[in-house]
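Take a look at the structure set out below.
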Amino acid sequence: MKQKLLLKTMLLLCALIAGSGSMWANIVYVDVTPSNALNDGGVDPITISCEKGDGTSNPAISSGQLRLYQAANGKTTGNTITFSSAKTITSIVFTFADNMTADNGSFSTGTYNSSTSTWTGSTTSVTLTVTGTTGKTRIYITAMKVYYEDGTTSPVISLESSTVDVDAAEHDGSIEVTYSNFTDIIADVAFYESDGTTSATYNWVSAEINSTTNDLDYIIEENTSDAARTAYLKVYALDDESNEVYSDLITITQAKAIVNYTYTLATAVIPGRHYIITSGTNGAVKALGAQNGNYRDQVAVTAADGSITVSSDDGVSEILIQANEEKGYYTLFDVENSKYLYASSNSSNNLGIEETLDSKDNGIWSIEIASSGVATIKAKGSNSRNWIRYNSSSTRFSCYGESNTQADVYLFEKAGDAGSQTVSVSIASACTDGSKFYGTYSSPFGFVIPDGLTVEEIGIDNEGRLNVQAYAAGAKVPANTGVMISSLTAGIKTLTLAGGGTSKMGESNRLRSTGTGIEASTMEDADSDCKFYRLTMHNGSTIGFWWGAAEGAAFGLAANKAYLAVPNSLAREGFGFDETTGIENVNRETITNNRYYTLDGREVENPTKGIFIVNGKKVVIR
């Protein structure tokens, strides 16, 4: 929906006003300073200036009014206001503020009529002095209009506020339009970037000159987003020599829409989605709010049945949680401030924000969600006060030490948020059995299996045979699960990160995650009774799991890979693959009950021609 807003072009008193026609001539602007409210700014066709005179206070512009003072404390002359023009001035009509009274005084000149607030005469320069009946009398001018001998007039010189607030398009907030130094005799409009020199186009606002009234007509589209937006423009006219003369930059800021969002209690973290942090899950709940120095304010919200609805102007801070695969942890990005949360002190209970992640990892976090919904959010840096918790006595969210007894926190995920984050994994072309390409993978975050990628866990039975179990396409693989991956094509595969997931084999899975990289000593400590294998081509020709070091000793391995740990009693030099039967001595126990599967693990309800896996064996249908 669009709503047309007619916003009168307003003038600052500081502007030089063109006297006739539709063009500006020799535009001169005058400055406002504490010592001399309006400095002299030129004479063609009219300038306005103020002087202190012998008054004890300087003229001043405040709250849309020009304040002029009468002489006091023994002085004989009050503040003055002077109108100068190349053309003969015949009258000036003043508009005063509503708070004017008889005691506020008037102008000391015989041609000034205080009852009509009008000066009359015939001159190119008029100086009026403030007078009154009480000490330090002052008058408040809000507007003026000048009349010339040739029958022309100036536009109304208005001192109204340079900002107007109007409701636009229902609930999309206020439109703030700031004007500066231009007249209402306008030829056209041009939009700019904030620098005022680079042209710009805005798809939500347009403006044009009303040829009848010389007003600016704005058409502003409803803002339905949760972010404010700003446009910049200038109005311009032609001077007597057809040169374009531009106003100062006009700023149009449209407030963000007031939108209601619903969040539901999170049971897992999905990287790339938005969350709020709370203390409590039902009834009167406190949510993490704006940054306040070294902590976060609380915002009172109401939760019911594990759901919270908040307004976009409630002040609740939305946090984008993203995976940092290099570090193996999460980042917490404050959407409103465009900065990251981090544990900012080792000696105080501080929670800060920063534009970039610091070198001590205080801005990356581990997140664990218990079955009760309690979220343990811990910064991984060196600071000891690195658990986000809620302090009910100080009514704030901050970072506390492990033994601190502040209240638990919870994560609520934004309803309808389909955001996702992807990572890439590469399958080497050299690691192949001649028909498929193989690799290993593990991630500190769960992921969804894409079409075309087979993902399997591997165990070992009591007879030393490998037991391979495949996930279905589209299933979720839990975080830190070692798997073997394979595809009909080598190269880069894209995985979408996700929370949750259930391991196919649980503790029976003998593929171990390398995390962010593993040393030989760590590998050995984790499975001290095992031999260790890596997926490779034995002697450059036979693919399989083979000892990664002499006699099956532990070895170092890069991040996001997996290795096979086989108990000593069942270990041998390697477990090779065979081109026709797959992995030697393998039971593929997931493929049972006479169901048909393709070679990459996808179930087929009505198979026709091709090669399929049925009850762990290859079957050819011709």
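The values are calculated or read from the model by the stated rules, or taken from the named source; none is laboratory data. Source: prediction; values computed, not measured. Neighbour counts run over all protein chains shown; Cβ positions are idealised from the backbone, glycine included. Just so you know, the surface numbers come from the protein's heavy atoms only, side chains and all, with ligands and any DNA or RNA stripped out. Shrake-Rupley method; radii C 1.70, N 1.55, O 1.52, S 1.80 Å.
Across segment 375-406, which residue is nearest to the chain's Cα centre (by Cα) among those that are of a type in the set (S, T, N, Q) and assigned to a strand (DSSP E or B)?
Within segment 375-406, the match that is nearest to the chain's Cα centre (by Cα) is Ser398.
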Wholly inside segment 128-234, strands (runs of 3 or more DSSP E) that include 1 or more residues that are modelled with pLDDT under 70 and either of a type outside the set (Val, Ile, Thr) or on the phi > 0 side of the Ramachandran plot (or both) are 163-167, 174-178, 216-221
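Being hydrophobic (A, V, I, L, M, F, W, C) and within 17 Å of Arg534 (Cα to Cα) is the filter; apply it to segment 463-488 and report the residue that is modelled with the lowest pLDDT.
Initial filter on segment 463-488 (hydrophobic (A, V, I, L, M, F, W, C)): 466, 468, 470, 472-473, 475, 477, 479, 483-485, 488.
Applying the additional criterion that residues be within 17 Å of Arg534 (Cα to Cα) yields 466, 468, 483-485.
Details: Leu466: 85, Val468: 89, Val483: 97, Met484: 96, Ile485: 96.
Per the stated criteria, the residue is Leu466.
Checking the structure you have, find out if any residue of segment 579-590 is part of a strand (DSSP E or B), within 21 Å of Ala430 (Cβ to Cβ), at pLDDT below 90 and not polar (S, T, N, Q). Before the answer, list the steps.
Step one: of segment 579-590, the residues part of a strand (DSSP E or B) are 582-583, 586-587.
From what's left, within 21 Å of Ala430 (Cβ to Cβ): 582-583.
Then drop every residue that is not at pLDDT below 90, which leaves 582-583.
Now restrict to residues that are not polar (S, T, N, Q): 582-583.
Yes, because at least one residue in segment 579-590 is part of a strand (DSSP E or B), within 21 Å of Ala430 (Cβ to Cβ), at pLDDT below 90 and not polar (S, T, N, Q).
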Among the listed residues Ser382, Ser338, Ser372, Ser348, which satisfies the condition of being open to solvent by 40 Å² or more (accessible area, probe 1.4 Å) and at positive phi?
Ser338
Which condition breaks for Cys399 when tested against (1) without any contact (Cβ under 8 Å) to a residue 60 or more places away in the chain; (2) open to solvent by less than 50 Å² (accessible area, probe 1.4 Å); (3) more than 28 Å from Gly272 (Cβ to Cβ)?
(3)
Can you say whether Glu413 is crowded, with 16+ Cβ neighbours inside 10 Å, in contact (Cβ under 8 Å) with a residue 12 or more places away in the chain and more than 30 Å from Thr281 (Cβ to Cβ), as far as the supplied structure shows?
no
For segment 294-308, indicate whether the set of residues that are touching a residue at least 40 places away in the same chain (Cβ under 8 Å) and over 21 Å from Val374 (Cβ atoms) is non-empty.
yes
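Just need a number here: residues in segment 87-105 that are modelled with pLDDT under 80, open to solvent by 30 Å² or more (accessible area, probe 1.4 Å) and either of a type outside the set (D, E, K, R) or farther than 19 Å from Thr142 by Cα (or both). Walk me through it before giving the result.
Quick first cut of segment 87-105, residues modelled with pLDDT under 80 only: 98-105.
Add one more test, that the residue is open to solvent by 30 Å² or more (accessible area, probe 1.4 Å), and what stays is 98-103.
After this cut, where a residue has to be either of a type outside the set (D, E, K, R) or farther than 19 Å from Thr142 by Cα (or both) as well, the list is 99-102.
Of the residues in that region, 4 qualify.
Just name the residue that is nearest to Gly328 (Cα to Cα) out of those in segment 380-405 that are of a type outside the set (Ser, Thr, Tyr) and modelled with pLDDT under 95. So that I can check it myself, show each step before the final result.
Keep residues of segment 380-405 that are of a type outside the set (Ser, Thr, Tyr), which gives 380-381, 383, 385-389, 391, 396-397, 399, 401-402, 404.
Okay, now just the ones that are also modelled with pLDDT under 95, so 380-381, 383, 385-386, 401-402, 404.
Working: Lys380: 10, Gly381: 13, Asn383: 18, Arg385: 20, Asn386: 17, Gly401: 22, Glu402: 21, Asn404: 26 Å.
Filtering segment 380-405 for residues that are of a type outside the set (Ser, Thr, Tyr) and modelled with pLDDT under 95, the one nearest to Gly328 (Cα to Cα) comes out as Lys380.
May I ask you to list the residues in segment 270-286 that are open to solvent by less than 10 Å² (accessible area, probe 1.4 Å) and touching a residue at least 40 places away in the same chain (Cβ under 8 Å)? Before you say what the answer is, go through the steps one by one.
Narrowing segment 270-286 to residues open to solvent by less than 10 Å² (accessible area, probe 1.4 Å): 271, 275-278, 285.
Correct list: Pro271, Tyr275, Ile276, Ile277, Thr278.
Okay, residues lined up against (1) assigned to a loop (DSSP other than H, G, I, E, B); (2) among the charged types (D, E, K, R); (3) within 29 Å of Ser442 (Cβ to Cβ); (4) modelled with pLDDT under 95:
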| residue | (1), (2), (3), (4) |
| --- | --- |
| Tyr263 | no, no, no, no |
| Ile270 | yes, no, yes, yes |
| Tyr275 | no, no, yes, no |
| Thr278 | no, no, no, no |
| Arg296 | no, yes, no, no |
| Ile308 | no, no, no, no |
| Val316 | yes, no, no, no |
| Ala323 | no, no, yes, yes |
| Lys327 | yes, yes, yes, yes |
Per the filter on segment 287-308, residues over 21 Å from the mean Cα position of the chain (by Cα) and open to solvent by 20 Å² or more (accessible area, probe 1.4 Å) are Ala300, Thr302, Ala304, Asp305, Ser307
Within segment 312-333, is even one residue out of contact with any strand residue (DSSP E or B) (no Cβ under 8 Å at 6 or more places or on another chain), within 30 Å of Lys561 (Cβ to Cβ) and open to solvent by 60 Å² or more (accessible area, probe 1.4 Å)?
yes
